[in-house]
Amino acid sequence: MPKKTPAARKPVARVLPLLGVAHLDRGFDYLVDEAESDSAQAGVKVRIRFNGRLVDAIIVERKHDSDFGGQLRFIERVISPFQVYPPQLSRLVEALADRYGGICSDIIRSAIPPRHAKAEEADLDTPWEELGAASEPDLSGWSAYQHGETFVDSILGGKLARAAWQIAPGDEWEDALAALAAKVALGGGGVLIVVPDQKVVDALENALRGVVGPKQITVLTNSMGPQARYRRYLSALVGQARIVVGTRSAAFTPVDNLQLAVIFDDGNDNLVDNIKPYVHAREVLTTRSAFENCSFIAANHSRTAETQLLVDSGWAHDLIPSASTIEARRPDILAIGAYGLSISRELEGGTTSVQAPAFQAAQQALDRGEPVLVQAPRKGYAPILACGKCHSPARCRHCNGPLGLPPSSERSSEEAVMPTCRWCGRIATNHRCTECGSPRLRAIVLGSERTAEELGRAFPNTSVVVSGGNKVVGSIENAPALVIATPGAEPRVNGGAYGAALLLDAGTLLNRQDLRATEDCLAKWAQAATMVRPHFKGGRVIIAADPELPVVRHFMSWDMVAAAVEELRARREVRFPPAVHFAAIDGADAALDSFEQLVDLPEHAEVLGPVPLPPGDSLPGEYDADRFGPPQRLVVRAPLGPRSQLGRALRKANAARSARKDELPLRITVDPIHVG
């Protein structure tokens, strides 16, 4: 092996080892070999020898000298000459690590796709303009919104504009957004659009193909192969990709000359990273808007409390349709009480009740040749069972686990539907209640399959489509059918809309023990209702909920802003996020005690607990409760103020804990999306 000699110019590189270890999440100095000096630039990935083993690292900067008193090692080799970690991404990652009390290398793992050598051989030189033929987009769709034209002009004029876009019911919002994205790209600007799932990615890509060429659209999702994902990341990095549409991790994509960042449905769980430090894509894009001086849109059919806080603070402004536009486009919405549309919960001999308004709305739509959407809160058949006589939970006699009726995907077509333990999988033959001895069973929670079965009887000779779980139907024809779908799995109607929608079992959504239950519920209802024809074409939405509930009243009047204002007011009263900064610290009792001694919390911070984890929550990995004891939760609340003060304090304490080699499991989540 040739002898390495220090580079003649800036021979020292400050590198960040990608170790995922809190106290080692900082820069270390290494020497650069003269032979690799040209390629060993800030932002490239390298291999280094760290503590006796070879690990990946990223060069953060090149320097003339080092303040390290010992002998410096050489970088082993440059992995790739592409500067995959440009300065703006480095600044973003560092800020998010402070915000979430996390580790830079953990965030980098989500931000930068793994290298694929073959992808680096792709054509990255052809300019965006030569990748296809773009047409002049029609921006008239924005005129339906108050100050919409002024907002668009500001973006196209290079001014900073930020908005909470309240999408009008029935609006073809994908077309409006595609037109704006194309116009920005034609002017030389970059556009980044982040959405919750593949279904919305596909809809946006289809809309964009109406104004730009297919190769002028860059789609980035975790579902695509490593070569395609890395190649498209590089395309954005070098400035070839101007319009990037993707799911959660696409929020980090280093789009050149970023002029507009958009997030759709920011209350969707899919937009929160499922690995630590659990970064929300909304936080990524709002931070980028501040750092990169780009315009920002939070688009939604409803509105989250977090988006309302951005409006209240003046950081963003309302972009809402006029009252007359809402009135003209929305369907009629009627609440008929919690039991006005009741699917039988008895497994034998029960009766399904459909009150006249719901039955008439569905039948009239079917008679007009239109499909009817039925939103069922849960997938499967009957996931939770109880005694049909005393209503005690039905339990497995082998392991005491809960009994349920499995969905069709978990049994053969010839197999009878039998109560099955959801823990051990045993079939509960000859089941009898342990409390009263009754053999009868009833469903506590109804799934979409059971709903389809019962409504199929109520509307005989009608085609029934079920969408949800692992069998999501993308679209259906504009023809008579009952479409039973779980929230988020509602199929589009090709060339039309639903004639009616029935929203079942609202109590299942509203009664969840979760901070965001009301907000999530309204979002799911709005998503379904916006797929229904306007009222002047006969469109009706029937919801099985108490019409006196505030959230139901807001839904019926389609006043999503008022609902968000009320939700944020309620959060302020009880000091829950986003009205405060909030951290959940989960782990063994001993780990929480140790961490509490190490952390230097901001002034006026409040510590609550420890308390047991919420039902259904658990620590990731193989947590040994016998060894460490039941996992507990410590809650920290701090007033809104310096944005990253709480996270920075938690990050520092976690690094100190790591340096002491404290191996007890601990999880830190700042502003978690669910607070049970």
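What the table below lists for this structure:
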{"quantity": "Candidates Ala653, Ala649, Ala590, Ala625 - the one that is out of contact with any strand residue (DSSP E or B) (no Cβ under 8 Å at 6 or more places or on another chain) and without any contact (Cβ under 8 Å) to a residue 12 or more places away in the chain", "calculated": "Ala625"}
{"quantity": "Top-ranked residue of the stretch 650-676 - restricted to ones that are part of a loop (DSSP other than H, G, I, E, B) and among the aliphatic types (A, V, I, L, M), ranked as nearest to Val93 (Cα to Cα)", "calculated": "Ile673"}
{"quantity": "Positions within the stretch 486-513 being more than 20 Å from Ile336 (Cβ to Cβ) and in contact (Cβ under 8 Å) with a residue 12 or more places away in the chain, in sequence order", "calculated": "Thr486, Gly488, Ala489, Glu490, Pro491, Arg492, Val493, Asn494, Gly495, Gly496, Ala497, Gln513"}
{"quantity": "Positions within the stretch 182-206 being in a strand (DSSP E or B) and not aliphatic (A, V, I, L, M), in sequence order", "calculated": "Gly190"}
{"quantity": "Check on Ser105, under 29 Å from Leu309 (Cα atoms) and part of a helix (DSSP H, G or I)", "calculated": "no"}
{"quantity": "Single unsatisfied condition, Asn274 versus (1) modelled with pLDDT of 95 or more; (2) of a type outside the set (A, V, I, L, M); (3) out of contact with any Gly (no Cβ under 9 Å at 6 or more places or on another chain)", "calculated": "(1)"}
{"quantity": "Qualifying strands (runs of 3 or more DSSP E) (wholly inside the stretch 10-96; at least 3 residues being within 35 Å of the chain's Cα centre (by Cα))", "calculated": "12-17, 45-50, 53-63"}
{"quantity": "Which listed residue is in a loop (DSSP other than H, G, I, E, B) and either among the aliphatic types (A, V, I, L, M) or closer than 30 Å to Ala290 by Cβ (or both), from Gly621, Gly641, Gly616, Gly647", "calculated": "Gly641"}
{"quantity": "Out of Val211, Val245, sole residue that is modelled with pLDDT of 95 or more and either in the same structural domain as Pro87 (by TED's automatic domain parsing) or within 20 Å of the chain's Cα centre (by Cα) (or both)", "calculated": "Val245"}
{"quantity": "Complete set of residues in the stretch 210-223 that are more than 17 Å from Gly190 (Cα to Cα) and either buried (at least 16 other Cβ atoms within 10 Å of the Cβ) or touching a Lys or Arg at 6+ places or on another chain (Cβ under 8 Å) (or both)", "calculated": "Thr221, Asn222"}
{"quantity": "Among the residues listed as Cys424, Cys436, the single one being at pLDDT 85 or above, touching a Cys at 6+ places or on another chain (Cβ under 7 Å) and assigned to a loop (DSSP other than H, G, I, E, B)", "calculated": "Cys436"}
{"quantity": "All positions within the stretch 39-54 that are surrounded by fewer than 16 Cβ atoms within 10 Å (Cβ to Cβ) and touching a residue at least 40 places away in the same chain (Cβ under 8 Å)", "calculated": "none"}
{"quantity": "Members of the stretch 255-287 that are of a type outside the set (A, V, I, L, M, F, W, C) and either over 12 Å from the mean Cα position of the chain (by Cα) or closer than 18 Å to Lys183 by Cα (or both)", "calculated": "Asp256, Asn257, Gln259, Lys276, Pro277, Thr286, Thr287"}
{"quantity": "Any hit, the stretch 142-156, residues being out of contact with any helix residue (DSSP H, G or I) (no Cβ under 9 Å at 6 or more places or on another chain), of a type in the set (D, E, K, R) and not in a loop (DSSP other than H, G, I, E, B)", "calculated": "yes"}
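One line per residue, one yes/no per condition, for (1) surrounded by fewer than 19 Cβ atoms within 10 Å (Cβ to Cβ); (2) at pLDDT below 95; (3) not in a loop (DSSP other than H, G, I, E, B):
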position	(1), (2), (3)
Ala299	no, no, yes
Ser302	no, no, no
Glu306	no, no, yes
Leu309	no, no, yes
Ser324	yes, yes, yes
Gly337	yes, yes, no
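Let's see how each residue does on (1) part of a strand (DSSP E or B); (2) in contact with a strand residue (DSSP E or B) (Cβ under 6 Å, 6 or more places away or on another chain); (3) surrounded by 23 or more Cβ atoms within 10 Å (Cβ to Cβ):
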position	(1), (2), (3)
Val473	no, yes, no
Ala479	no, no, no
Val483	yes, yes, yes
Gly488	no, no, no
Leu502	yes, yes, yes
Gly507	no, no, no
Arg512	no, no, no
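The values are calculated or read from the model by the stated rules, or taken from the named source; none is laboratory data. Values in this document were obtained by computation on a predicted structure and should not be read as measured data. We place every Cβ from the backbone using ideal geometry, glycine too, and count neighbours over all the protein chains shown.
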